[in-house]
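A.B. asks: Once you've had a glance at the structure underneath, I'll fire off some questions.
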Amino acid sequence: MTSARADETSGWLSSVSDERARTWLSGGQSIGVDASDFEAIPRDKTGARAAAILSLYESDLTNRPVTQCVEWVASEMGMSRKSRRFVSSLATAVENRRTELDRRLDRYLKGRTMQDTSPVVRNVLRTALVELEMYPKTRTAVIINEAVKLSQMFDTQNTGRFVNGVLGAIVRDTDRDGAGI
């Protein structure tokens, strides 16, 4: 059974203030997000991508190492070892290359910067870019579609178009099958 909050089609994280999220993520009082909210996230590759984004979000808000955040999120979600390895590889790569990724993504934001976007969307874009680079066997359309779906799940419906546009422009300007991304 999933909670009503997690079943909403959008705004799962965007409706939580940074201050309240910091309290929740640091083990303080509940903000209305509990283990049942994690039940709404599938236990497949989509769920693993979601876990990477949630881990990066937690790390951003709490200044904890992303590896610690991955362990907490993966534990809350009851993820398999294989999924945890995938989550860890994505989240760690994003953390290690954050400045470079942001600089590359800034070029596609049309007058905005990565700092102007929500923390969730920043991490969705970073994670998708890393996955495009690290997992060449995964179809480009799958990675972009998953990023759109996750941005809508965790932020708002409107972010889907934004994420699709940014990632689509990057793919058009690069040669994913080569070493261009």
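A.B. asks: Starting from 0.36 nm per residue, how many nanometres of slack lie between T113 and R85 once their C-alpha separation is accounted for?
C.D. replies: Working it through step by step, the gained length comes to 7.0 nm.
A.B. asks: Something else now. Computed FRET efficiency, Cβ-Cβ of T174 and D44, R0 41 Å: what is it to the nearest 0.05?
C.D. replies: 0.90
A.B. asks: If you line up the Cα atoms of segment 91-181 on their principal axes, what length do they span on each, largest first, in Å?
C.D. replies: Principal axes ranked by extent give 32, 26, 25 Å for the Cα atoms.
A.B. asks: How far, in nm, would the chain grow between E133 and T67 when pulled straight, counting 0.36 nm per residue and subtracting the alpha carbon separation?
C.D. replies: Length gained, E133 through T67: 21.7 nm.
A.B. asks: Something else now. Under a straight-distance cross-link criterion of Cα-Cα below 29 Å, which lysines are reachable from K82, leaving out those fewer than 8 residues away in the same chain?
C.D. replies: Reachable lysines: K45, K137, K149.
A.B. asks: Read phi for every residue in segment 62-76 and hand back ³J(HN,Hα) as whole Hz from Karplus 6.51 cos²θ - 1.76 cosθ + 1.60, θ = phi - 60°, with x for Gly and Pro.
C.D. replies: 10, 6, 7, x, 4, 5, 5, 5, 4, 4, 5, 5, 4, 5, 4
Bear in mind that the values in this text are calculations on the coordinates, not laboratory data. All of these numbers come straight from a predicted model, not from anything done at the bench. Glycine also receives a Cβ, built like all others from the backbone with ideal geometry; neighbour counts cover every protein chain displayed.
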